[in-house]
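What follows is a short report on a single structure.
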Amino acid sequence: MLTLRQVVELICDELGSEMDIVSMSADLAVPSRPLMMNYMNRHRVLDISKLQHRLGYHDVVPARQAIPRTARWLVENRPESGGTEEYILQDPFDYSAEDRLVEWWRSATANPPGLGYTQPPGYGIAYAGPGTSRVRPDTRI
């Protein structure tokens, strides 16, 4: 399953467009809530293994090919102006609010405070069970 970001990148690549994609917490990304709260949000993973196993289902066209093809088809076969498709695919975004939010986000993240690390945080040894050379001092777990 592709993320929304990957879908947007595939569409932009196919149409030769550029889009500045900014990732931030959903709590802050208020202008994008209509898209994030859509019942068709792309951030879902579905288990279709039964469908594949019992019925032999497989995608006719893989998603990484289908999305660019669909974008190209929609550009070449634009929906009727004012028609049902345009009504359903309405653009609920407030672009000036998005621009202000992105400007604020960039200024807020441009100069992070010094956190006083004497060395950058690293990765600890997560597994110290049987077979490892490292012995945990705490044997309660």
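Summing +1 for each Lys or Arg and -1 for each Asp or Glu, what net charge is found among the other residues whose Cβ lies under 12 Å from the Cβ of Glu76? Show your work: numbers first, answer last.
On the way: positive: Arg69, Arg72, Arg78; negative: Glu14.
Overall, the nearby charge balance is +2.
Taking R0 as 22 Å, what's the FRET efficiency between Asp59 and Ser23 from their Cβ-Cβ distance, rounded to 0.05? Walk me through the numbers on the way to the answer.
Numbers: r = 27 Å, r/R0 = 1.24.
Computed FRET efficiency for Asp59 and Ser23 comes out at 0.20.
Given R₀ = 35 Å, FRET efficiency for Leu51-Leu74 by Cβ-Cβ distance, to 0.05?
On the way: r = 27 Å, r/R0 = 0.78.
Efficiency, rounded to the nearest 0.05: 0.80.
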Exercise. Ordered by residue, what ³J(HN,Hα) values in Hz, to whole numbers, does the stretch 110-119 give under the Karplus form 6.51 cos²θ - 1.76 cosθ + 1.60, where θ = phi - 60° and Gly and Pro are x?
Worked result: 5, 10, x, x, x, 9, x, 5, 6, 8
For this session: May I ask you to compute the full-extension gain from Gln119 to Glu14, defined as 0.36 nm times their residue separation minus their alpha-carbon distance, rounded to one decimal in nm?
Result: 33.5 nm
Problem set entry | Among 2-8, 24-30, 80-86, the order from most to least packed when residues are scored by Cβ within 10 Å on average | 2-8, 24-30, 80-86
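Read the figures in this text as sums done on the coordinates, not as results from a lab. Keep in mind it's a predicted model, so treat the numbers as computed, not measured. Heads up, the Cβs are rebuilt from the backbone with ideal geometry, glycines too, and the neighbour counts pull from every protein chain shown.
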